[in-house]
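One structure is given below, encoded as structure tokens.
The values are calculated or read from the model by the stated rules, or taken from the named source; none is laboratory data. Everything quoted here is computed from the prediction, not taken from an experiment. Cβ coordinates were reconstructed from backbone atoms using ideal geometry, including for glycine residues, and neighbour counts include every protein chain displayed. Protein only, heavy atoms only, side chains kept; ligands, DNA and RNA dropped before computing areas. Shrake-Rupley method; radii C 1.70, N 1.55, O 1.52, S 1.80 Å.
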Amino acid sequence: QPTDRLPVVILLGDSIRINYQGIVKSELQGKSIVWSPEDNCAHSLYTLQNLEKWIEGRNASVVHINVGLHDLFLSSKTGLPRHSLEVYSTNLRKIFARLKGLTDARIIFALTTPVDEERQASSETYKRVVRRNPDIVRYNRRAVEIAGEYGVGIDDIHSAAMKVGVKNVIREDGVHLSKKGME
């Protein structure tokens, strides 16, 4: 539709969003205004606590959001994710409900990207497995169900990464996106 100003796209998410946001801004230059917070949106609870300051007054057309990797971070003491599947599910429901109340924008949820467990264990960054692919699959499956309940679109970046090959899209730390992954 004709407009005097470009539509606003808000990118929310963890370090994976930080990895790809430069490419998105470049691709949408002249077509949209792309805004994202300077901080890492981290896990679902942190995102939930900060939605208002990130959304209100921005008049977004699209909100693209990802959370998951920080929720799945494994405790070195218990070996369990930071947030259980139940806590993650509750937080996602609250995030989607709050977004629906804060904006009329189209909401798109990006699934959590796969990891390379071998690279995590051998990396200088982690020196151990900090996220597991079976957990990512379970949490993504639940996220798809919950997104459906709220009419939230899905950006299946997990499947895209799997198709290209995890070793091709994930850095040596086993978690973050390589240049090819960002593209």
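Observations on the model:
- Considering segment 174-183, the residues that are of a type in the set (D, E, K, R) and more than 22 Å from Ile65 (Cβ to Cβ) include one that is least open to solvent (accessible area, probe 1.4 Å), namely Lys180.
- Leading residue by the ranking (farthest from Val62 (Cα to Cα)) among those in segment 96-147 that are in contact with a Gly (Cβ under 6 Å, 6 or more places away or on another chain) and aliphatic (A, V, I, L, M): Val115
- Of residues in segment 21-36 being in a loop (DSSP other than H, G, I, E, B) and of a type outside the set (Ser, Thr, Tyr), the one most open to solvent (accessible area, probe 1.4 Å): Gln29
- The numbered conditions (1) of a type outside the set (S, T, N, Q); (2) surrounded by 20 or more Cβ atoms within 10 Å (Cβ to Cβ); (3) assigned to a helix (DSSP H, G or I) are all true for Gly68 except (3).
- Qualifying position, being farther than 15 Å from Ile108 by Cβ and polar (S, T, N, Q), among Ser15, Ser61: Ser15
- The condition of being open to solvent by 20 Å² or more (accessible area, probe 1.4 Å), free of Cβ contacts under 8 Å to residues at least 60 places away in the same chain and assigned to a helix (DSSP H, G or I) holds for Ile18.
- Restricting attention to segment 99-142 and to residues that are under 15 Å from Asn66 (Cα atoms) and of a type outside the set (A, V, I, L, M, F, W, C), the residue that is nearest to the chain's Cα centre (by Cα) turns out to be Thr112.
- Residue ranges of helices (runs of 4 or more DSSP H) in segment 71-173 with at least 2 members of a type in the set (A, V, I, L, M) and either touching a residue at least 60 places away in the same chain (Cβ under 8 Å) or open to solvent by 80 Å² or more (accessible area, probe 1.4 Å) (or both): 133-150, 157-164
- Test set (1) touching a residue at least 12 places away in the same chain (Cβ under 8 Å); (2) within 14 Å of the chain's Cα centre (by Cα); (3) open to solvent by less than 60 Å² (accessible area, probe 1.4 Å) - Asp39 fails condition number: (1)
- Any chance Arg128 is modelled with pLDDT of 95 or more and farther than 24 Å from Leu28 by Cβ: yes
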